[in-house]
Each structure stands twice: as C-alpha cells, then as structure tokens.
1. What lysines could a cross-link reach from residue 166, if we take a straight Cα to Cα line under 27 Å and drop same-chain neighbours fewer than 8 places away?
2. Per DSSP H run of n ≥ 4, the term is -39500 (n - 2.57); total these for the chain, divide by its residue number, and report the mean residue ellipticity at 222 nm rounded to 500 deg cm²/dmol.
3. State, as an integer percentage, the relative contact order of the chain based on alpha-carbon contacts under 8 Å between residues 6 or more apart.
4. By how many degrees, 0 to 90 and rounded to 10, does the Cα axis of helix 154-216 deviate from the longest principal axis of the chain?
5. Where the only charges are on Cβ atoms (+1 Lys, Arg; -1 Asp, Glu), what is the dipole of the stretch 28-91 about its Cα centre, to the nearest 20 debye?
6. Given a cut-off of under 8 Å on Cα pairs at least six residues apart, what relative contact order in percent is computed for the stretch 52-91?
7. Considering the options 109, 163, 25, tell which one lies farthest towards the positive end of the dipole of the chain, charges being +1 on Lys and Arg and -1 on Asp and Glu at the Cβ, about the Cα centre.
8. Once the chain is represented by equal point scatterers at the alpha-carbon sites, with solvent omitted, what log10 I(q)/I(0) does the Debye formula produce at q = 0.12 Å⁻¹?
Amino acid sequence: MKSLNTFCEKHGINHNFSAPRTPQQNGVVERKNMSLEEVARTMLNENSLPKYFWADVVNTTCYVLDRVLIRPILKKTPYELFKGRMPVLSHLKVFGCKCFILNNGKESLGKFDAKADEGVFLGYATQSHAYRVYNKRLMTVEESMHVVFDETNPKLIKYQRMQMKKIYCRNRFLLQKSLLLQEINRLKRQNSRLKKLQTATYPRIGSSLEVYQRTTS
C-alpha cells in the first residue's frame, strides 16, 4: 500500500476510496466486473466446462478484451494504449476447444506410445509465449507451445447436420412434388390428345353411315 501511495504522489494522482458496501460509488469497476463475469459464464457454459476453471476463464476473458475492445473516445484498444502498438491476434484460439499436446521430452516414450495427449485449451501464459492447456491424461494444467488445436464446435456441427437434414428433406419433397406435377401434366396432355382423336374420328364414321343409307334408299 505504501508503494502505491508513493506512486500516486509521484505522478500527481489523487487516490480516492469508496464507502464500504456501497457499489453505487464505484460504477465503472462494477460494470467492468459484470462484463468479465458475463463473458466468462458464457464461455464456461458453451463448452460445458466445470466451474473450477473459473480463474482461467476470467484471465482469458481479460486477455482477449484488452486486445479487441475499442475505447469509444480514443478509438484504440487498451493494449494499444498501454503498449503503443497494434496487438497481434493471429495466435488467438477458441476457448475450451479440443487440443493435442506434444510430448516433447517430458516423458520417455516407447516405440509405439502416443506422441501427444488430448487436452482442453484454457488460455494464454502470462510469463511466456505459450498456451495454457489442461492435460486429460495427466489431469494437470501445463504451458506449452507444441499444441495442435481442433476448433470445431460439436454443438455447431450437430446444428449444421440438422440443418443439412432439413434441407435434404425439403429438396426431396420439392423433387417429388415436381415429378408429380410433371406426371399430372403428362396425363393431361395425353387426355387432351385422346379427346382430339375422338372428335376427329367419330364424325367421319357418322358421315360414312349417312352416305351408305342414302345410297341404299
């Protein structure tokens, strides 16, 4: 606390405090905490992860928001304001996705042992350029750069399959409907031809009978 007071006095910062049990006086921080909580809850429930990963979820949420959230007045992200350069976003991955962790010398492997362990992506390391992952086989959280990610969402795949099935059923129904209409039109054309043939044949038969009756009389 003394170091914080010294820092504030050195830079001319007036350190104010809010009254106990009065969150109304600290609205900016409370709003920020609510944003972190809502995003973290969504990420946990979307991937059906247990609640004891809440610390990693909040850290990852804060890590991402600092790099993608643009301040409305300054038109810059918090990372850009603090570092003075644009953030790199190519390394960002989907939280909670399946990943495979390479066993690069951590354990001695047999000739036919698996070289990678299945895990869950939890976030980004704070002290190094590495990923934080949960190793399902060892049941531990570790940091590694040798990770391959599978960012496909099983729920999204299931939804896409259901949509494809609906589209297939609809197209099949439309195809059967079009074939039925074609058959109906064919039968109508055939019926019209038969009617024309009948009207063209029966008068000739009637006229020939009249001629025969006249000749015989």
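1. Once the sequence-local lysines are set aside, what remains near residue 166 is 155, 158, 177.
2. Details: 5 runs with 113 residues, N = 217.
After summing the helix terms and dividing by residue count, I get -18000 deg cm²/dmol.
3. Working: 170 pairs, mean separation 23.3, N = 217.
Computed value for the chain: 11 percent relative contact order.
4. Rounded to the nearest ten degrees, it is 10.
5. Numbers: 10 positive and 7 negative charges, 71 e Å.
It comes to approximately 340 debye.
6. Values: 22 pairs, mean separation 9.9, N = 40.
The value is 25 percent.
7. 163
8. -0.93
Rule-based calculations on the coordinates, nothing more; no lab input. Worth saying up front: this structure is predicted, and the values here are computed from it rather than measured. Ideal geometry is used to build each Cβ from the backbone, glycine not excepted, and the neighbour counts take in all protein chains shown.
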